[in-house]
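Participant: Mind looking over this structure? Questions follow.
Derivation of every value follows stated rules applied to the coordinates shown; laboratory data play no part. Source: prediction; values computed, not measured. Cβ: placed from backbone, ideal geometry, glycine included. Neighbour counts: every protein chain shown.
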Amino acid sequence: MKISEKILQVKEIKKTYGSGENQTEALRGMTFDVIPREFLGIMGASGSGKTTLLNCIATILHPTSGQIMLGGEDIFSFNEDFLANYRGKKIGYLFQDFELLDNLTGRENIELPLVIHGEQPKKCEAAIRTLAERLEIVPVLDKFPSQMSGGEKQRVAVARALISNPSIVLADEPTGALDSKNAKTLMKKLSLVNQEDGATILMVTHDANAASYCSRILFIKDGAIFHELRRDSPNETQSEFYDRILTVLAQLGGGSNNVL
Amino acid sequence: MFFNQIRRNSLRSRKENSLFFGSLIIAIVVFYVFLSLESQDVIIFLKTMESDAIRKLLVLIPIVYAVSLFFVFFLVYFANKYQLQRRSHEFGLYQTLGMKRRRIFSMLMGETVWNSLIALLIGIPVALFLTELISLATANLVGLGIIGHHFRVSWTGLIGTVGGFFAVQLIAMFLLSFIMSLKEPIDLLRDETEGTQLLASKKSGWIQLILGVILLLIAYAMGLFLLKTLSFLYIFAVIGILVTGIAGTLLLFRGIATFIGYRVRKNDRKSTGLATFTGRQLQENVLHQSAFLGIGSLLILLAIICLAYGVSTIFTRGDDGERTVDISLQGERQEIETVLTSKEIAPYIYAYYPMNLDTMDWEIVENGQGYSWGTLIEAIEDLPYSATKENLLNNLLGYSPFLFPLSSYNALLASMDQPEIILEPGELVLYNSDMFSQFRDDLEKALQSNPVIELDGQTYSLASEIRTQNLVADRFISIIFGLVVPDELYAELVSDQEPFCWNVALDPDFIEDQGLMHALMQVGGLLNETGLTYESYLSGIGRQLFYIVAGSYVSLYLGLMFLIIANTVLGLKFLMQQRSTRHRYETLLVLGAKKEALYSSAKTQVWVYFALVISVAIVNGIFGIASLLNSFLRLGDAVSDEMFILLSAIAVVVFLVTELGYIWLIRSESKREIRRMSSLNRG
């Protein structure tokens, strides 16, 4: 596989908090790649370093050492202004709590990553339309978040993450604040944009159900990669993959070895 | 441990929120400055002179104090509310960890007391310094710089300040703690208090905007016309103006939110960057707080009017011409000369002379030969029409002129080291006191045509220069029109040759050494022992001063207080909104907004927010002042409307500078808040 085919390369990422005796290692030299059109899941127990990893890739947290290459460029070799340019444009975000600005309408929220970077809202009208239709949020485009359901809010957030055609979408527990029905709808939509539009998605999740939509899953434990699962599509059904995930999760929890 | 926690928490409050702590100090200074009025140089001096009037003024103090307490309460309330909002997460945590509400309450009260003590420790010295400064400045401004100044502490003022401040702080904190105790711990933990986007219907928004403007226009019209004409309906007119004005302003602000929303929608398609976000933030700010902005704007309006009125009072009343006579004595020549040449008093005397002044004898007027203003009247009639001119003519025609012998007038000039008047044969000099200087221009123009007047059948010409010096020490005795005549003519026309009084000029070196006030008081004391009746320049100043102090001091004080309170509270309110929507800024950062873009969005928000409030207040203020000029406010005749407007403009500049200062302060505070949330390594 050529380097140019890798959208994201994470090389020997380390992150330590504190110093001296109080030092804790959140990430202990993690290395992996993400290729285009991939739907990568990251799973792990609380405190395993998932969020730290995501924040590093999101450029809102500096790793202590190591490199993160996006499209072949080391993102931390640039200054703050450049990083600001990166955010929203090259990277799309999906948060657990949606993080929609509640005094902006749905449409205004979706446009944000573009207008922040100086684009005319007029130009993206067609793109908004397409995304809104695909995500079934046309009726709420001119509503404020307080007038939307949780599922609608998260789908508006998906549209916001996708509007700038980012190289990669980072999703942090996107189903965390949704009920199972809305979670299912959301995952189907994400899977759709991954498969049909070729969006690359990196999703951190606790939820084995949500993870079963991924094409590959990295399990991390104590700041390092512990296991990797690939879905053998199209031979493997989603529910078979789900079962395999559950098995690894049980192992991750220590398996039967840890039972006292 | 408990006390340490209180100390640490309050230290953090002071560090994190300088505006909060600054407002507390301002509250203290505001209280003390006003309550210490009694020990100001000017007032102490006036007490010796106009004790009755001062007593009445001092009765006003508790009333204004109560009003101040009320407003300062709001200031303290909002400052504390902002501070508690910032710490709401902390309180939620305490409760989650099992701290009893009672204990949180006593911790907050403890912090309040501790913070108040520190604020007092800083505020009182500042207040003392400021009162000294004000005392000196007022004294200088009104020409009292000459009083020997002593540092004074007003103990009643101090007690009132400390008591009032603690009361206001504790009541505000009590209320806030009570409100907080009604919330669930989880709500406190969430640390988010902003309401959801209110969607006022567009139609009602526009109606409110239009209705607000109409009501304001009605209020302006009533102010300009009703107050002037319908004097018997005054009270109704005033109530009408207040109701329409206040309702209009409040409605206007509600409507403005809709207008901002409309602008955002309209520009939505072409604006880039954070323009939409900025607009929506503003819309939310104005809509959620329209009543608040309205009240803030009305407070600033009050401040504008008070400042304009106060400043103009200082200048209009302060101009009372030069000092000519220090003391005027009444009594027999011999008696007076004995006293003035006695060894106790003589060293202080520079000059003394009899001042003769009187009107023409009644018999001469009766003869029909009396007096006539002759061609002076015609010369004045030829001048272009003006209200002053008509007034001048009416006064001249009904007025028998006072006459002064040349020797008296020259003695007055000599005592001031000014050149004497030399009269040409058949020439008289026209006199017009400074108190009536509004006629000066017309008279000078009329004199250019060399008019002649008649006295007892004789024709005299008038010198081109008009004399204006005060003839006696008491400023209340002033003469509109008079004539300086040769001594022989005075003897012919006035049979009573007894001087009106004996004027005394004190030794200039002595005055310079002691200060005018002390010099006058010292000699006055000596004269009191002799039993002579006398008038001193002091009482004249006293009366003038009283008007200045009563008129300007109180209104300037109230003006500044309204200004400070309105701005601080508005600023705090803005910061509170920014605080409660901080996660929006965080989201924007993650979406790639640059810090500078956020700063400039916040900057625009601060500017528009304040500009809205201030511009409405200024428009209201212009009409308010115009209405005042038309009605209640009677300017000294010597002051033209232009002068008043100029002085008001000075007040407006002071006002704008204060506003800019506040905007700058709020901007930097808001910037700091954003910087705090935008540090890259948030962990």
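Participant: Under a straight-distance cross-link criterion of Cα-Cα below 17 Å, which lysines are reachable from residue B:56, leaving out those fewer than 8 residues away in the same chain?
Facilitator: B:47
Participant: Let me ask something else about it. Based on the inverse mean of 1/r over its pairs of different Cα atoms, what is the Kirkwood hydrodynamic radius of chain B, in Å?
Facilitator: 30.1 Å
Participant: Under the Kirkwood approximation applied to all pairs of distinct alpha-carbon atoms, what is the hydrodynamic radius of chain A in Å?
Facilitator: 19.1 Å is the Kirkwood radius here.
Participant: What fraction of the Cα pairs in the protein assembly as shown, stated in percent, has a spacing above 43 angstrom?
Facilitator: 55 percent
Participant: Another question, if that's okay. Could you tell me the calculated FRET efficiency between residue B:213 and residue B:518, based on Cβ-Cβ distance and R0 = 51 angstrom, to the nearest 0.05?
Facilitator: 0.30
Participant: Taking 41 Å as R0, compute the FRET efficiency from the Cβ-Cβ separation of residue B:445 and residue B:487 and round it to 0.05.
Facilitator: 0.85
Participant: Hey, another quick one. Once you average over the residues of B:579-592, how many Cβ atoms of partner chains fall within 10 Å of each Cβ?
Facilitator: 6
Participant: Here's a follow-up. For the peptides B:342-352, B:283-293, what is the packing order when you average, over each peptide's residues, the other Cβ atoms within 10 Å and list the highest mean first?
Facilitator: My ranking of the peptides, most packed first, is B:283-293, B:342-352.
Participant: If you plug each phi of region B:452-468 into the Karplus form 6.51 cos²θ - 1.76 cosθ + 1.60 with θ = phi - 60°, what whole-Hz ³J(HN,Hα) values come out, in order, with x for Gly and Pro?
Facilitator: Karplus values, whole Hz, x for Gly and Pro: 10, 10, 10, 10, 6, x, 8, 9, 10, 8, 10, 5, 6, 8, 9, 9, 9.
Participant: Considering lysine pairs in region A:5-158 that are 8 or more places apart or on different chains, how many have Cα atoms under 20 Å apart?
Facilitator: Lysine pairs meeting both conditions in region A:5-158 amount to 11.
Participant: Under 19 Å Cα to Cα from residue B:603, which lysines show up? Leave out anything in the same chain fewer than 8 places away.
Facilitator: B:573, B:594, B:595, B:671
Participant: For the pair residue B:596 and residue B:101, how long in nm is the line joining their label points, each one 7 Å along Cα→Cβ?
Facilitator: For the pair residue B:596/residue B:101, the computed spacing is 5.0 nm.
Participant: Quick one: Karplus J couplings for region B:119-134, per residue in order, coefficients 6.51, -1.76, 1.60, θ = phi - 60°, nearest Hz, x for Gly and Pro?
Facilitator: So the Karplus estimates, Gly and Pro as x, are 4, 5, 4, 8, x, 4, x, 4, 4, 4, 4, 5, 5, 4, 4, 5 Hz.
Participant: Given the rule -39500 (n - 2.57) for each run of at least 4 DSSP H residues, summed and divided by the residues of chain B, what is its mean residue ellipticity at 222 nm, to the nearest 500 deg cm²/dmol?
Facilitator: Using -39500 (n - 2.57) per qualifying helix, the result is -22500 deg cm²/dmol.
Participant: Can you give the Rg and Dmax of region A:18-151 based on its C-alpha atoms, in angstrom?
Facilitator: In Å, with Rg to one decimal and Dmax whole: 18.0, 56.
Participant: Run the simple label-point estimate for residue A:179 and residue B:178 please: 7 Å along Cα→C-beta, distance reported in nm.
Facilitator: 4.0 nm
Participant: Under 5 Å between amide H atoms, partner at least 5 residues away or on a different chain: which partners does residue B:359 have, H built in plane at 1.01 Å?
Facilitator: Under 5 Å from the amide H of residue B:359: B:403.
Participant: Divide by every residue of chain A the summed helix terms, -39500 (n - 2.57) for each DSSP H run of at least 4, and state the resulting mean residue ellipticity at 222 nm, rounded to the nearest 500 deg cm²/dmol.
Facilitator: -10000 deg cm²/dmol
Participant: Another question, then. Whole Å is fine, so just give me how far the alpha carbon centre of region B:238-261 lies from that of region B:1-20.
Facilitator: Rounded to whole Å, the Cα centres lie 40 Å apart.
Participant: ³J(HN,Hα) across region B:93-104 via Karplus (A = 6.51, B = -1.76, C = 1.60, θ = phi - 60°), whole Hz, x for Gly/Pro?
Facilitator: 5, 3, 5, 4, 7, x, 6, 6, 4, 4, 6, 4
Participant: Quick check: the angle from helix B:595-630's long axis to the longest principal axis of chain B, C-alpha only, nearest 10 degrees?
Facilitator: Taking the Cα atoms of chain B, the angle to B:595-630 is about 30 degrees.
Participant: Per residue, how big is the convex hull of region B:403-460 when only Cα atoms are used? Give it in Å³.
Facilitator: 115 Å³
Participant: Okay, next question. Could you calculate the contour length gain from residue B:272 to residue B:394, that is, 0.36 nm times the residue separation minus the distance between their Cα atoms, to one decimal place in nm?
Facilitator: That works out to 36.9 nm of additional length.
Participant: While we're here: Show the residues, 5+ positions off or on another chain, whose built amide H is closer than 5 Å to the amide H of residue B:350.
Facilitator: Correct list: B:505, B:506, B:507.
Participant: Across 5 Å bins from 0, what is the distribution of all Cα-Cα pair distances for region B:501-626, in whole percents?
Facilitator: P(r) for region B:501-626, in whole percents per bin: 2, 7, 10, 11, 9, 7, 6, 6, 6, 6, 6, 6, 5, 4, 3, 2, 1, 0, 0.
Participant: Roughly what % of DSSP beta bridges within the protein assembly as shown run antiparallel, to the nearest 5?
Facilitator: 65 percent
Participant: Same structure, new question: Taking the Cα centre as origin and putting +1 on Lys and Arg beta-carbons and -1 on Asp and Glu beta-carbons, what dipole magnitude results for region B:359-434, to the nearest 20 debye?
Facilitator: Computed about the Cα centre, the dipole is about 140 debye.
Participant: Given N residues in region B:321-423, what is Rg(Cα) / (2.2 N^0.38 Å)?
Facilitator: 1.50
Participant: In whole angstrom, and with the biggest value first, how far do the Cα coordinates of region A:1-46 range along each principal axis?
Facilitator: 42, 23, 11
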